[in-house]
Amino acid sequence: MESSDRMIHRANQIALFFAGYPHDEAVAGVLDHIKKFWERRMRDQIVAYVAQGGKGLHELALEAVKRLQ
């Protein structure tokens with residue numbers, strides 16, 4: 001399993017890439033990226049992390065993961 005710090009960093013990097021987009025497009029972009037490029041176990045891990053509060057996640061990543069659930 002990927003460490004939480006590394007997972008947070010990856011998710012936040014994606015969120016920062018989309019941060020200049022309008023909010024709804026940004027969240028959709030982060031969500032689409034996670035769905036397309038993250039393995040199932042990585043998605044499950046971040047969903048579980050968000051269920052525990054999602055500390056340290058960029059707001060766009062947090063919202064995208066909540067929609068992933």
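General remarks:
Residue-by-condition table, conditions (1) on the phi > 0 side of the Ramachandran plot; (2) among the hydroxyl-bearing types (S, T, Y); (3) open to solvent by 40 Å² or more (accessible area, probe 1.4 Å):
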residue: H33; (1), (2), (3): no, no, yes
residue: F37; (1), (2), (3): no, no, yes
residue: I46; (1), (2), (3): no, no, no
residue: G56; (1), (2), (3): yes, no, yes
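- Here V27 fulfils each of the conditions (1) open to solvent by 50 Å² or more (accessible area, probe 1.4 Å); (2) assigned to a helix (DSSP H, G or I); (3) farther than 18 Å from S3 by Cα apart from (1).
- Look at segment 14-40: where a residue is in contact (Cβ under 8 Å) with a residue 12 or more places away in the chain and over 11 Å from A64 (Cα atoms) and a partner is open to solvent by 100 Å² or more (accessible area, probe 1.4 Å) and of a type outside the set (A, V, I, L, M, F, W, C), sitting 6+ places away or on another chain with Cβ atoms under 8 Å, you get F18/E25.
- Taking segment 43-69 as the range and being in contact with a helix residue (DSSP H, G or I) (Cβ under 7 Å, 6 or more places away or on another chain), assigned to a helix (DSSP H, G or I) and within 18 Å of S3 (Cβ to Cβ) as the test, the residues that pass are R43, Q45, I46, V47, Y49, V50, A61, V65.
The values are calculated or read from the model by the stated rules, or taken from the named source; none is laboratory data. This one's a predicted model, so the numbers in the text were calculated from it and none came from an experiment. With ideal geometry, Cβ positions are generated from the backbone for all residues, glycine too; neighbour counts draw on all protein chains shown. Protein only, heavy atoms only, side chains kept; ligands, DNA and RNA dropped before computing areas. Shrake-Rupley method; radii C 1.70, N 1.55, O 1.52, S 1.80 Å.
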